[in-house]
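What follows is a set of notes on a single structure, which appears directly below.
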Amino acid sequence: MRRARRFNINGILINAAALVLVLSYALPYVYLLTTSIKPAADVQQIPPSFLPAVVSLENFREVLQSSALPKAFASSLVVAVLTTVLSLAVAVPAAYVATQYRRRITTLFLLFALVTRMVPSVSLGVPLFQLLKSLGLLDTIPGLVLAHTSAAVPLALLLMSAFFEGVPKELEEAARMDGCTRFQAFRKIILPVMIGGIAVTGLFTFITSWNEFLYALLLTSEATKTAPIVIAEYNSVYGLAWGAMTAAAVLYSLPVIVVTLALQKQIVGGLTFGAVKG
Amino acid sequence: MSAIELRNVNKVYGNRFHALHDLSFDIRDGEFMVFVGPSGCGKSTALRMIAGLEAITSGELRIGGRLVNDVDPKDRDIAMVFQSYALYPHKTVRENIAFPLQMAGLPKTEIANRVDEAARTLELTTLLDHRPALLSGGQRQRVAMGRAIVRKPAAFLMDEPLSNLDAKLRVQMRAEIASLQRKLNVTTIYVTHDQVEAMTMGDRVAVMKGGVLQQVDTPQNLYNRPDNVFVAAFIGSPSMNLYEAVLNGRTLTLGSNSFEIPERVFEYRPSLNGASNRQVIIGIRPEHMNDAAIRPSSAEISAPVTLVEALGSESMLHLNIDAPWVDAGDPDAVADIGDEKAAVARFSPKSTVRAGDIARVALDAEELHFFEPDTRTSIW
């Protein structure tokens, strides 16, 4: 009996701690949501209210009717998807080789990837601008994809390396004994086994590109402006359009939430990959 | 024809570590060969070189008469069972077993027939649609075997396939693998560090140490006629007892004990004749040391008993023999027994000797082994 009671107290404490954590993460987003459904007049009232007195979708109507946002969403989506595909295409095989065929040079390679993560992205803005300008890729989708990929690949490489560290070398060897070339073993056995890790890495890469602000600001203008830039522009010369801005931000956060929920199983599988002995 | 020949095969790693030294031997078609030795002896490296998973630094490797030094693993027509089984976790048992056949481009009906046949042989029929994660250790081991046998390869390579199983299952699978190999009659190389597995399964056993082949022979010959001190101590459990002794004429002096060596010993070890104060290493197996009160012998020694392990069918006595003890050079041996320098004798359970007694031990002197102290090789 005592044992059961103690277990319950532990359970309550753990749940309470989890609730505090969830609230601290969720509260700003909930405030964003509640603000987005307030009528424009209520948004800037003093003192501010957490919950709307009246629910209104006028902010959403406004942002959807504006010509800039849907186009920016399309740009963001294309750039994020292409960045994810390109980053995975580069990082997955590179991480596999770097972890499974360990040499001094592969260790250096991974270290170099880590170092690039330490360079502030703002310091790379100007060189990237000049590089893309000389290539004629300024304010183009391929230009922004390349810039985002350069930022996303090191993270993807490090994440995938961590996942590949958990793959037993024997899997590839067994496939080679079963008649595969090294590449076939990678494609037919290793990649399907790593699907969880690839999903997690892909999601992080997608979010990195989807949320990226600085390069999008520096490297695009009218033609390929992405959504974060358009949302920021609600801070206009006419003042802060809080209502529209929060509505746009809510809409902008939806794809990431949907993708995360869709990949939830793979993400949990990927994050716990190798944690328990199969 | 699927004989495997190794000629002066060497393996030197990039850090100049010489893992295998001039490995040369033949494995006959259909033979069950076991590589055995302590950890780090190069047995797995040798297997992986035969598999094609490790490059050969120098020497020649032939499978079925064909030089395969530079042939890809997939083109060597050999199947391998890994220590970790290396089952494909995303595939069902059926898909795991079918995979090598799919890679070989066999028609679907042929694949289905062969998978069913392999599953029947290994009693996996009811598990064909399960994923490996749902299987027990023994079942996983069977699936790994299924993936190997379904191809009907020229040779099987097995790298400690039973080491992840519990003791009881290991004994059962040991018998199953041995009988399957006899039934299929496929050349098999089996790597283990367990000398009991080696002795019970192999047609012949290759004993290795420090990357050097020590002896290749039948289990019985390895036991009865070991080439050197290492093989003598490694094969047999408990190990052969090894001590320094002095031979003078027919008299052997072992510490404070002396006894006569029977004439027959000098007949099959003629080079011992005419010894005058000759230093030798003698080896005697535990079963050749008996309670003199029960089975008297002309060669008797006395030694204090430090421990008696009564096992029911026999009693293991740990004896403190006052002669210099000889280290056989097995790096794993120290971990196996606490008091490594004690001699072990296998006494009849009827023996009344207790720990603390001074035991009269009757040696079966005809079964003594003699080795050169310098080269540690057998004296014949």
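The values are calculated or read from the model by the stated rules, or taken from the named source; none is laboratory data. Treat the numbers as computed from the prediction; the structure is a model and nothing was measured. As a convention, Cβ positions derive from the backbone with ideal geometry for all residues, glycine included, and neighbour counts pool all protein chains shown.
Restricting B:Ala292, B:Ala206 to those that are within 26 Å of the chain's Cα centre (by Cα) and in contact (Cβ under 8 Å) with a residue 12 or more places away in the chain reduces the list to B:Ala206. B:Pro100 passes every criterion in (1) buried (at least 21 other Cβ atoms within 10 Å of the Cβ); (2) more than 10 Å from chain A (Cβ to nearest Cβ) apart from (2). Do the conditions hold for B:Val308, that is, is it part of a strand (DSSP E or B) and in contact with a His (Cβ under 7 Å, 6 or more places away or on another chain)? Answer is no for this residue.
Across the range A:122-167, the qualifying residues are those that are among the hydroxyl-bearing types (Ser, Thr, Tyr) and exposed (fewer than 15 other Cβ atoms within 10 Å of the Cβ), and the one among them that is nearest to A:Gln100 (Cα to Cα) is A:Ser123. Reported count of residues in the range B:41-55, each being more than 8 Å from every other protein chain (Cβ to nearest Cβ), on the phi < 0 side of the Ramachandran plot and in a loop (DSSP other than H, G, I, E, B), is 3. Is it fair to say B:Val196 is more than 24 Å from A:Glu173 (Cα to Cα) and aliphatic (A, V, I, L, M)? When the stated conditions are applied, B:Val196 passes them.
Taken over the range B:62-88, the criterion of being charged (D, E, K, R) and in contact (Cβ under 8 Å) with a residue 24 or more places away in the chain is satisfied by B:Arg62, B:Lys74, B:Arg76, B:Asp77. Against the conditions (1) part of a helix (DSSP H, G or I); (2) in contact (Cβ under 8 Å) with a residue 24 or more places away in the chain, where does A:Ile189 fall short? Just the number, please. A:Ile189 satisfies all of (1) part of a helix (DSSP H, G or I); (2) in contact (Cβ under 8 Å) with a residue 24 or more places away in the chain except (2). When A:Ala72, A:Ala80 are screened for being in the same structural domain as A:Asp139 (by TED's automatic domain parsing), touching a Lys or Arg at 6+ places or on another chain (Cβ under 9 Å) and in contact (Cβ under 8 Å) with a residue 60 or more places away in the chain, only A:Ala72 passes.
Being farther than 30 Å from B:Ala206 by Cα and not aliphatic (A, V, I, L, M) holds for only one residue in B:Pro100, B:Pro107, and it is B:Pro107. B:Asp29 meets the conditions (1) within 12 Å of another protein chain (Cβ to nearest Cβ); (2) assigned to a loop (DSSP other than H, G, I, E, B); (3) out of contact with any Lys or Arg (no Cβ under 9 Å at 6 or more places or on another chain) in every case but one. The failed one is (1).
Counting only helices (runs of 4 or more DSSP H) that sit completely within the range A:1-114, those holding 1 or more residues that are polar (S, T, N, Q) and over 26 Å from the mean Cα position of the chain (by Cα) correspond to A:2-36, A:58-65, A:68-100. Among the residues of the range A:249-264, write down those that are of a type in the set (A, V, I, L, M), part of a helix (DSSP H, G or I) and over 16 Å from A:Val230 (Cα atoms). If the condition is that a residue be of a type in the set (A, V, I, L, M), part of a helix (DSSP H, G or I) and over 16 Å from A:Val230 (Cα atoms), then A:Leu254, A:Val256, A:Ile257, A:Val258, A:Val259, A:Leu261, A:Ala262 are the ones that fit.
Contact map, the range B:123-134: first residue within 8 Å of B:Val93 (Cα to Cα), second residue small (Gly, Ala, Ser), Cβ cut-off under 7 Å, separation 6 or more or different chains; pairs are B:Leu128/B:Ala119. Go through the residues of the range B:200-207 one by one and say whether even a single one is touching a Cys at 6+ places or on another chain (Cβ under 9 Å) and modelled with pLDDT of 95 or more. Yes, the conditions are met somewhere in the range B:200-207. Every test in (1) over 17 Å from B:His369 (Cα atoms); (2) out of contact with any Leu (no Cβ under 7 Å at 6 or more places or on another chain); (3) of a type in the set (Val, Ile, Thr) is passed by B:Val205 save one, and that test is (2). Only one entry in B:Leu162, B:Leu180 is part of a loop (DSSP other than H, G, I, E, B) and away from chain A (no Cβ under 14 Å), namely B:Leu162.
With the requirement that a residue be surrounded by 15 or more Cβ atoms within 10 Å (Cβ to Cβ) and in contact with an Asp or Glu (Cβ under 7 Å, 6 or more places away or on another chain), what does the range B:259-283 give you? Within the range B:259-283, B:Phe259, B:Pro262, B:Val265, B:Ile281 qualify. Scanning the range B:56-82 for residues that are part of a loop (DSSP other than H, G, I, E, B) and within 13 Å of chain A (Cβ to nearest Cβ) returns B:Val71, B:Asp72, B:Arg76, B:Asp77, B:Phe82. Restricted to the range B:147-159, and to residues there that are surrounded by 24 or more Cβ atoms within 10 Å (Cβ to Cβ) and of a type in the set (Gly, Ala, Ser), the residue that is nearest to the other protein chains (Cβ to nearest Cβ) is B:Ala148.
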